[in-house]
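A short worksheet on the structure shown next.
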Amino acid sequence: AQSVTQLGSHVSVSEGALVLLRCNYSSSVPPYLFWYVQYPNQGLQLLLKYTSAATLVKGINGFEAEFKKSETSFHLTKPSAHMSDAAEYFCAVSPTPRGSTLGRLYFGRGTQLTVWP
Amino acid sequence: DTEVTQTPKHLVMGMTNKKSLKCEQHMGHRAMYWYKQKAKKPPELMFVYSYEKLSINESVPSRFSPECPNSSLLNLHLHALQPEDSALYLCASSLLQGGEQYFGPGTRLTVT
């Protein structure tokens, strides 16, 4: 079964500091990987995705993530945090090969990012 | 147009009411999804439609009834809900089933 682990349910950083949100997945075959952001009382917005092309993926709002197969990780980073980055972040996995899991996204439990002025 | 829209934004209903949630996308996507999200939790998949046919039903109680009238529209019909059904209901779409999903803003449902 697929599982996604997000280390740290809460992460706090100062404005301008590095943001690092951790995500590890369990799969013998590299899956498709996604990061979503959710602002209060809103839906999820796709930040970036990994679908077996470049291992360093750039997304919106200055975020990027690196796929590391040897570590089964897909950590999200941003060099300099902004107040507007405060939100809930979800890592998600779409398994490959697809078969009966086609269309299923397996989400991590989420990481709440707080940015201090 | 890269937007998934959902109406209504908020809904309060009694346990004997019948109501419907609506989701619309005009991106030419052929897969559409319903999710339920409780506070401080990730979304939980409820239903998947692919080419207007129900593809996945995650053993959702029959008081939730999905409908996909055409490739742009997805409804969720609600009847005899329970207070524990109160949640944020999210709709999503993807070009094809299994592709990256784009979410709508959600409907905040409260069952009294």
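Consider region A:58-67 and keep the residues that are in a strand (DSSP E or B) and surrounded by fewer than 20 Cβ atoms within 10 Å (Cβ to Cβ). The one that is farthest from the other protein chains (Cβ to nearest Cβ) is A:Glu66. For region B:43-84, taking the residues that are among the hydroxyl-bearing types (Ser, Thr, Tyr) and surrounded by fewer than 20 Cβ atoms within 10 Å (Cβ to Cβ), the one that is nearest to the chain's Cα centre (by Cα) is identified as B:Ser65. Tallying residues that are assigned to a strand (DSSP E or B) and either under 24 Å from A:Leu102 (Cα atoms) or in contact with a Leu (Cβ under 7 Å, 6 or more places away or on another chain) (or both) within region A:20-57 yields 19. If you go through region B:1-22 and keep only what is under 16 Å from A:Gln45 (Cα atoms) and either part of a strand (DSSP E or B) or within 12 Å of chain A (Cβ to nearest Cβ) (or both), you end up with B:Thr2, B:Glu3, B:Val4, B:Thr5, B:Gln6. The residue that is surrounded by the fewest Cβ atoms within 10 Å (Cβ to Cβ), counting only those in region B:85-109 that are more than 15 Å from the chain's Cα centre (by Cα) and touching a residue at least 24 places away in the same chain (Cβ under 8 Å), is B:Leu96. Taken over region A:1-39, residues that are at negative phi and modelled with pLDDT of 90 or more amount to 27.
The values are calculated or read from the model by the stated rules, or taken from the named source; none is laboratory data. The shown structure was predicted, so the numbers you read here are calculated from the model rather than taken from an experiment. We place every Cβ from the backbone using ideal geometry, glycine too, and count neighbours over all the protein chains shown.
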